[in-house]
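Take a look at the structure below.
The values are calculated or read from the model by the stated rules, or taken from the named source; none is laboratory data. Values in this document were obtained by computation on a predicted structure and should not be read as measured data. Glycine gets a Cβ as well: all are built from the backbone with ideal geometry, and neighbour counts include every protein chain shown. Ligands, DNA and RNA are excluded from the accessible area calculation, which covers all protein heavy atoms including side chains. Shrake-Rupley method; radii C 1.70, N 1.55, O 1.52, S 1.80 Å.
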Amino acid sequence: MAHPEFSHAIPVYVEGRNGNSQAKYLQADTLTRMFGQLTNENIRIGRFRADSASYQEEVLRALETHTESFYIRANRCAKLDNILGSIAPEKWQKIRLGVQEMEVTDLSDYKPFSKDRSYRLVITRIRRKDGQADVFSGDAFTYRAILTNEHTSSNEAVVRFYNARGASERLFDVLNNDFGWSKLPCSFLAENTSFMLMTLCMPIFTPILLESIPEKLIGLSLPTGSRSLSSDLSLFQPSG
């Protein structure tokens, strides 16, 4: 979750897991604990987005309780495969995201897990360059879908919002590669969790420290072979 004054995401919750656990393992329990702590601090989640590891019925129940709207990458299944090939050509709208051209449509009453709960499913498709036909849809497209309980935004707006999660995850690349998250230093869960919490202070406090640095120091050259002070600190600089 991002602080409104900063251009990059700031983590508000971290939880270590014992062993090599899959991303979806006990995720509903983890999210419920996180939402509980945020609620205790009077923090309410407006919009929640996550990858397909969150595409679970019990996770959706937790999100319905603790968020205003959510956007989850949907897994393909036999039910969805049967629908893709039957969508009429005029239902698709052409859009462009950056350099990528695609088509988008939605289903307003999609029931992924049970008959009593329906959601909106925003579907995108991109034409395959190799022309290989999909065995289920019968056409040469790559399909992806986003499950949401929000029905107000346009299909394009939903896709843009979901795809923006990639920018937020840049923070975890920094933590993995520059702060040792890819190979945690200790042999025990508690110690490693403490290490992760300490390194998380970096993106939280760096923007505050930047505000206290005199302007004349920003851009100061470091010893030969080093980057400038401004380039070292620019990743977490407050947005204008």
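Counting only other residues whose beta carbon sits under 14 Å from that of ASN75, what net charge do I get with K and R as +1, D and E as -1? Summing Lys/Arg as +1 and Asp/Glu as -1 gives +2. Two numbers describe the Cα atoms of region 93-189: Rg and Dmax, which are 18.4, 52 Å. For the residue pairs LYS24/LYS91; LYS94/LYS115; LYS91/LYS111; LYS24/LYS94, the C-alpha atoms sit more than 26 angstrom apart in LYS24/LYS91; LYS94/LYS115; LYS24/LYS94.
To the nearest 10, the accessible area of LEU200 is 10 Å² with a 1.4 Å probe.
The local environment of THR65, defined by Cβ-Cβ distances under 12 Å, has a net charge of -1 under the rule Lys, Arg +1 and Asp, Glu -1. Could you pull out the GluC sites (Glu not before Pro) across region 85-187 that fall in loop regions by DSSP (anything but H, G, I, E, B) with no more than 16 other Cβ atoms inside 10 Å? For GluC sites (Glu not before Pro) across region 85-187 that sit outside H, G, I, E and B with at most 16 neighbouring Cβ atoms in 10 Å, the list reads GLU150, GLU169.
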